[in-house]
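Peer 1: One structure follows; several queries about it will come next.
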Amino acid sequence: MTAATLALHHDTGTGEATAPRTVDPDVSTAAAGDDRAFERLYRLHVGRIHALALRLAADSDDAERLTQDVFVRAWERLGSFRGDSAFGTWLHRLAVNLILSDRRSAWRRTRRVVPKADLEEEMAASLPVNVGDRLDLDAAIAMLPPGARTVFVLHDVEGYEHAEIAGLTGVAVGTSKAQLFRARRLLREVLDR
Amino acid sequence: MNDCRDVREAIPSLLAGNLGPETRAQLDAHLARCQACRDDVETAIWVGERTRALPRAIAPARDLWTGIAPRLGRRTRRFAAPWWGLAAAAIVLMALSSAATVALVRRTVQPDPGGFAQLELGFQNAARELGEVYRESRGTLAPGTRAVLERNLEVIERALAEARAALDADPSNRALEAVVVAAYKRKIAFLERASAFGES
Ligand SMILES: [Zn+2]
């Protein structure tokens, strides 16, 4: 590859830093059916989407599968991307929807009846014994009960408002707020002891 | 601010440093007499500091693209064709021609005043440089291979010229800009492959 094409790839790269109203050649080229343009979009955004999937699903195999599903869905839906938000924002929203819908069915399949008061205890008990005095925040997030984890990741990590979270998850705004405080308390309890 | 619920509502503004002096004083007064709210505020600050330090992106442990590419449907197979398939792709695009392609990309394109000229200049420079690389290496190609490559290049260039002429006729059409960009990209990708073919 020549210096000229390298510079070109740099100039035409996309990302959240790019203003949303800029024509993104890779997005329009991918929408026209070019899978190599789409692969460039994948390489640029995969880390963001994988981090989101990892935190919401709390399982690395599920996160990899969901990340792949997100990009396949994005390819199928690229025609409906109108360019009124940045591509990264559109992709992120698509990912949240797909992952939450997948998790809902997973949780329905495996739901156990656990009295709410026991969750704190259960979470504390599920901690690895030899974590030393420092447990990684991501590891602690993975141990949160699903409802509290979803709200915490969407609100505190990803910056969604409670009203948006309510719309995405189907819980009431008040429930979303309560789950957030619960999640923060649980995280501090397991990390700060 | 007598209600614990009001305090909870105020925590995001408190963390962002957006509370007015009067509200802040009311909040402090409540916190002084309410342990539960003090805990909530401390916890929000404590967790918030650690959350901000989380990585925004985490690369997967393995390349997930290999599991994505085969699932991308019909459009993939056309573009994933080897270099000699590019001509077929170009012909398909010409057959669809501007109307269909424009309809396809129109939905994805937003106005970009001034950006296109610079973008096109970059594409032209890259295409010229790659064209020179190819011309240098073409002497090493078998005559049959060279003929096939150059016939394909001609098809791609015709598609580009057609898109460029359409844009000349309708210079404010952003969708046509995207078609031109796509045509340049095909030409550059083709020249890259053709040059590599000459070197090997
Ligand atoms: Zn209170």
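Peer 1: Could you calculate the FRET efficiency of residue B:13 with residue A:108 from 1/(1 + (r/R0)^6), where r is the beta carbon distance between them and R0 is 35 Å, rounded to 0.05?
Peer 2: On the way: r = 37 Å, r/R0 = 1.05.
Calculated transfer efficiency: 0.40.
Peer 1: Quick one: buried accessible area between A and B, total over both chains, 1.4 angstrom probe, nearest 100 Å²?
Peer 2: Working: alone 11540 and 13450 Å², together 19480 Å².
Roughly 5500 Å² of accessible surface disappears when A and B pair.
Peer 1: Which distance in nm do the two modelled labels at residue B:5 and residue A:136 give, with both placed 7 Å along the Cα-to-Cβ direction?
Peer 2: 4.0
Peer 1: List, by residue number, every residue in the range A:162-190 with a reduction of 30 Å² or greater in accessible area between the chain on its own and the complete protein assembly, 1.4 Å probe.
Peer 2: With the partner chains in place, the range A:162-190 has these residues losing at least 30 Å²: A:177, A:181, A:184, A:185, A:188.
Peer 1: Can you send over the solvent-accessible area of residue B:154, 1.4 Å probe, protein chains only, in Å² to the nearest 10?
Peer 2: The accessible area comes out at roughly 100 Å².
Peer 1: To the nearest 0.05, what FRET efficiency results for residue A:173 and residue A:36 with a Förster distance of 35 Å applied to their C-beta separation? The partial results should precede the final answer.
Peer 2: Details: r = 43 Å, r/R0 = 1.24.
It comes out at approximately 0.20.
The values are calculated or read from the model by the stated rules, or taken from the named source; none is laboratory data. These numbers come from a predicted model, not from an experiment. When we count neighbours, we look across all protein chains shown, and the Cβ atoms used for this are built from the backbone with ideal geometry, even at glycine. Ligands, DNA and RNA are stripped out before the accessible areas are found, and what is left, the full protein with its side chains, is counted by its heavy atoms. Shrake-Rupley method; radii C 1.70, N 1.55, O 1.52, S 1.80 Å.
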